[in-house]
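The values are calculated or read from the model by the stated rules, or taken from the named source; none is laboratory data. From a predicted model like this one, the values you see are computed outputs, not experimental measurements. FYI the Cβ positions are ideal-geometry reconstructions off the backbone, even for glycines, and counts take in every protein chain you see.
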Amino acid sequence: MALLSAKGLNMSFGGLKALKDVSFSVEPGTIKALIGPNGAGKTTLFNLISGYLKPNSGVIVFDGRQIQGLPPHRIASYGIARTFQHIRLFPGMTVLENVMLGLHTHTRSGFLSSMLRLPRTRNEERFVREEAMQVLKMMGIEDLADREATRLAYGQQRIVEIARALAQKPKLLLLDEPAAGLNIRETRQMGILIHQIRQSGVTVFIVEHDMSLVMEISDEVMVLSYGEKIAEDHPLAIQKNEEVIKVYLGEEDAQN
Amino acid sequence: MKGERIKIGLLCLLLVLIDLITTSVARTYYLTQLTMSLYYTLVVLGLVLLMGYAGQISLGHAGFFAIGGYTTAVLSTYNLLKYKDSAVVKVSSELGLLTLRENLYGEQILSFHPWIGVLLSLVIAATVAYLIGIPVLKLKGHYLAMATLGFGIIVYRIVLGTPIFGEADGVSDVPPFVILPGLSISGQMDERRANYYIASLLVVVVVYLMTNLINSRVGRALRAIHGAEDAAESAGVDTAEYKLKVFVMSAVIAALAGAFLTHFNGGIGPSEASVMKSVRYVAIVAAGGMASIWGGLTMAMLLNFLSLRGYFGQYDDAVFGAVLILIMLFAPEGLLRVNPAGLLKNIFKRS
Amino acid sequence: MNIELFFQYIAGGITYGFIYAIVAIGFNIIYNTTGIINFAQGEFVMLGSMTAITLNAFLPLPVAIVLSVLITMLVGAVIEILFFRWLESPTVLRMIIITIGLSIIIREIALAIWGVNVRALPYFTGNEVSSVSFWGVHISPQVLWVIGVCSMMVLALQLFFKYSRFGRQMRACADNREAARLCGINTKNMVTLSFVLSAGMGATAGCVVSPITYSQYNMGVPLAIKGFTVAILGGLGNSLAAVAGGLILGILESLSVWIMPSAYKDAIAISILLLILFFRPRGLFGRKEDLREF
Ligand SMILES: Nc1ncnc2c1ncn2[C@@H]1O[C@H](COP(=O)(O)OP(=O)(O)OP(=O)(O)O)[C@@H](O)[C@H]1O
Ligand SMILES: [Mg+2]
């Protein structure tokens, strides 16, 4: 059974139809890529899945539950983590603290027990710290733990954001253009990292403009254009799909 | 964490030292203004949590202070003798909730025990904060500022225009709050030192609880909301709930300060609910560096003490206005974090 | 209810409504070019009328008013240059706090200069008892002055934004600052101009209403709150809607004295403000798309 499936999603902003009757599904343990020209509605689709926007109509089912229209924190607690197209790290907090926040849904301490520093809270705090360190080690950035996250180099910030999402121990990870702004070497490393993430059992749904990265890592590719799904297939088939080629060539024509 | 413990220890030491020094040089009257400053400091600390850490501005915190103060003032002064035959009064009296005393003019007054007044003031402040907080905290930036300002003004207008709150005169003749036999909140001379220590204890306890909170799961979530609310949500933080809780908490702290200070002063007036008071709290939080318990504490003690001693004279409000502007222009990180050389360089570069 | 009295109240409501509208438009002008809500907006009205009253002691009324409007505009420019021009991408919180601080300082300076006395400019034509009557309803000629001058100002502003070079540049700034800058518009000067404009409008309005509403050093804050209410009511950024919103609020307030003590009058505006903020932050007349993130 699909881990995530959506049926008949529609979303409009005022007069603009950002998504038109989009349906798809993501199989567990796969890497699915979502591509399309600028303004195609890719981020909008992610926002619907993660709860930032409420679809005008349509159904989203994750892990057997309908999730459309639920608040983002609830959806996060069901096991969907995401990163943002424009990096969203917490200023004034260290890398470690940023990643520790990812474990929020796996811990309980509330206002009272935190204020009193009850033994349970202290144990929990130790657990969170160790888990977060573990994630940093896995990503190879444990030496950055005490640096302020928003002051790191751009590529490192991307990694920290992914680390935070992974600390949530999600079933599904949504990555919105993780390679944007990275150089060739960093992009290749990102590809390896995404592979590792899938290896560890996390399903990945990724929006990406870098075609070679997409073709290399994904099991399946879905293409949006002006809010409509125009193709969904294996990477090789997508490369030969005429409509997709037209959309992308058209875009290049427009740019020239 | 260890560093914080040491700082709290030093704070206790300093507070005791201040008492010993003022007492030994026979300047205990300083303790009165210090005690008042300590209560105002409580309000500032609550606001540091709300504004500095969670990033939610409130221009209406004097409103919560006033809710605390006025509730206990009215309950502990309103004479129930003429209703002494009514069922409610009888039951309250049976339950031991009422006290009978004589006021300055020898008049008999039957009113609620200050314990009831103080507890109810906290409950009311929490309820109001909760109800107001649900819609208000959905707002951001200017909208949030205006909405909280609006709330503050409504409280001010109500106390100013309602006879039971004494209109422009406020409520006076508020009795001491006897916490335990032999220990009471009052402005009487022989209780001055005890009261200084009560207020000190409150501040120390709040500082302790707050430092714990900041360095915990909840504190991280609050700081995350401040930094990037949407990302905090995506990490599973129920931002609406956290904002509401911290808003209620800071309102209750303000109300507690208001209630205690009202018993200490023996009364409360509408100026405590004024917009200028709310702005003043914000100014102090800003001067302390927003997200800084120790900065807020230092600035609150310093500025309130100077103001209460009358050092700013008729320019009291102007001083706080100037503090606001200067801090925000030149030291938005707070006064204690200013790097003079860097600041000068910046100013010259600009001009 | 006495119909004559009813129309008196309406006239009073219209007078107040226009000043709220002008303050709201002042908010809009600055908000559009900078994204700042200037909490000191009400102080411009106070400064304008108080300065005119002082000047009127030894200058003829028209000269005093023109001079005071110019002085207030200068104050607006100085404020912008001293406190905003050189800030590099300040946070919203920082700007809110700066304008609040400014409002306090201006008020305290006014207190030092003029004291706590309530003052007023003389009636422009006639005096407090003269009236013109329409269909049997007597209205003070000053109310006509208020309506006339304020309507002219709103109209002039519309024309300014539509047809003058500066006005168009300011609109360009409002739409997209970065693009405007790239097109060679000096956006910093546009911001200064927006402060000057809204200071001038506030001061002018302050002068025309002064004979009816009186002036005092502390009149700015309530005006700022009501102006903001009106700006929100109309949907930020829309001048004509601000006039409509202003009139609604002014008339509601003025009629409210029938049903509740006048001490609670201010609470009406604030309740409206809170209701709008909670339930329809884009304003009564605003469309959803107009709402910008703060
Ligand atoms: N909150 C919003 N309000 C109004 N319009 C929006 C909003 N979010 C997105 N849009 C519009 O919806 C369309 C789709 O935007 P979206 O961000 O989903 O595109 P995208 O495929 O992610 O593009 P890109 O590759 O540039 O990131 C765009 O035209 C955009 O302007
Ligand atoms: Mg996008």
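Within the stretch A:36-47, residues that are within 14 Å of chain B (Cβ to nearest Cβ) and touching a residue at least 12 places away in the same chain (Cβ under 8 Å) have Cβ atoms under 8 Å from residues that are near ligand 1 (Cβ under 6 Å from one of its atoms) and not in a helix (DSSP H, G or I) in these pairs: A:43/A:85, counting only partners at least 6 apart in sequence or on another chain. Looking across the stretch A:38-80, the residues that are among the aliphatic types (A, V, I, L, M) and under 14 Å from residue A:8 (Cβ atoms) come down to A:45, A:48, A:59, A:60, A:61.
Restricting to the stretch C:1-15, count the residues that are more than 18 Å from the chain's Cα centre (by Cα) and in a helix (DSSP H, G or I). Of the residues in that region, 9 qualify. Against the conditions (1) out of contact with any helix residue (DSSP H, G or I) (no Cβ under 9 Å at 6 or more places or on another chain); (2) within 27 Å of residue A:196 (Cβ to Cβ), residue A:104 satisfies every one except (1).
Residue B:218 falls short of the stated requirement of being more than 27 Å from residue C:106 (Cβ to Cβ) and under 16 Å from the mean Cα position of the chain (by Cα). Annotation note: of A:13, A:62, A:24, A:90, the sole residue that is away from ligand 1 (no atom under 16 Å from the Cβ), aromatic (Phe, Trp, Tyr) and away from chain B (no Cβ under 12 Å) is A:62. Residue count for the stretch A:213-247 under the criterion of being in contact (Cβ under 8 Å) with a residue 40 or more places away in the chain, within 16 Å of ligand 1 (Cβ to nearest atom) and assigned to a helix (DSSP H, G or I): the result is 2.
Mind listing just one residue for me: the one in the stretch A:201-216 that is touching a Gly at 6+ places or on another chain (Cβ under 8 Å) and not small (Gly, Ala, Ser) and, of those, nearest to residue A:237 (Cα to Cα)? Among those residues, the one meeting the criterion is A:216. Of the residues making up the stretch B:13-33, those that are surrounded by 14 or more Cβ atoms within 10 Å (Cβ to Cβ) and closer than 14 Å to residue B:204 by Cβ are B:15, B:18, B:19. Any chance the stretch B:149-160 includes a residue that's under 20 Å from residue B:272 (Cα atoms), surrounded by 18 or more Cβ atoms within 10 Å (Cβ to Cβ), away from chain C (no Cβ under 11 Å) and under 20 Å from the mean Cα position of the chain (by Cα)? No, the stretch B:149-160 contains no residue that is under 20 Å from residue B:272 (Cα atoms), surrounded by 18 or more Cβ atoms within 10 Å (Cβ to Cβ), away from chain C (no Cβ under 11 Å) and under 20 Å from the mean Cα position of the chain (by Cα). Put simply, of C:193, C:157, C:121, C:87 the only residue that is touching a Leu at 6+ places or on another chain (Cβ under 9 Å), surrounded by 15 or more Cβ atoms within 10 Å (Cβ to Cβ), part of a helix (DSSP H, G or I) and of a type outside the set (D, E, K, R) is C:157. For the residues B:50, B:59, the requirement of being crowded, with 24+ Cβ neighbours inside 10 Å and either under 18 Å from residue B:206 (Cβ atoms) or within 11 Å of the chain's Cα centre (by Cα) (or both) singles out B:50. Among the residues here, residue A:181 qualifies as away from every other protein chain (no Cβ under 14 Å) and within 16 Å of ligand 2 (Cβ to nearest atom). Here residue A:210 meets each of (1) within 13 Å of ligand 1 (Cβ to nearest atom); (2) at pLDDT 95 or above; (3) away from chain B (no Cβ under 14 Å) with one exception, condition (2). Out of the residues in the stretch A:6-50 that are basic (Lys, Arg) and in contact with an Asp or Glu (Cβ under 7 Å, 6 or more places away or on another chain), state the one that is farthest from residue A:247 (Cα to Cα). Out of the qualifying residues, it is A:32. Might you let me know whether the stretch B:127-147 holds any residue that is away from chain C (no Cβ under 13 Å), surrounded by 19 or more Cβ atoms within 10 Å (Cβ to Cβ) and either touching a His at 6+ places or on another chain (Cβ under 8 Å) or not in a loop (DSSP other than H, G, I, E, B) (or both)? Checked against the condition, which is being away from chain C (no Cβ under 13 Å), surrounded by 19 or more Cβ atoms within 10 Å (Cβ to Cβ) and either touching a His at 6+ places or on another chain (Cβ under 8 Å) or not in a loop (DSSP other than H, G, I, E, B) (or both), the stretch B:127-147 yields at least one hit. Could you tell me whether residue B:218 is assigned to a strand (DSSP E or B) and either more than 14 Å from chain C (Cβ to nearest Cβ) or hydrophobic (A, V, I, L, M, F, W, C) (or both)? When the stated conditions are applied, residue B:218 does not pass them. For residue B:83, the test of being surrounded by 13 or more Cβ atoms within 10 Å (Cβ to Cβ) and over 28 Å from residue B:255 (Cα atoms) is passed. When you check residue A:25 against the structure, is it free of Cβ contacts under 8 Å to residues at least 24 places away in the same chain and in contact with a strand residue (DSSP E or B) (Cβ under 8 Å, 6 or more places away or on another chain), yes or no? Criteria met by residue A:25. In the stretch B:207-223, the condition of being over 30 Å from residue B:239 (Cβ atoms) and not hydroxyl-bearing (Ser, Thr, Tyr) is met by no residue.
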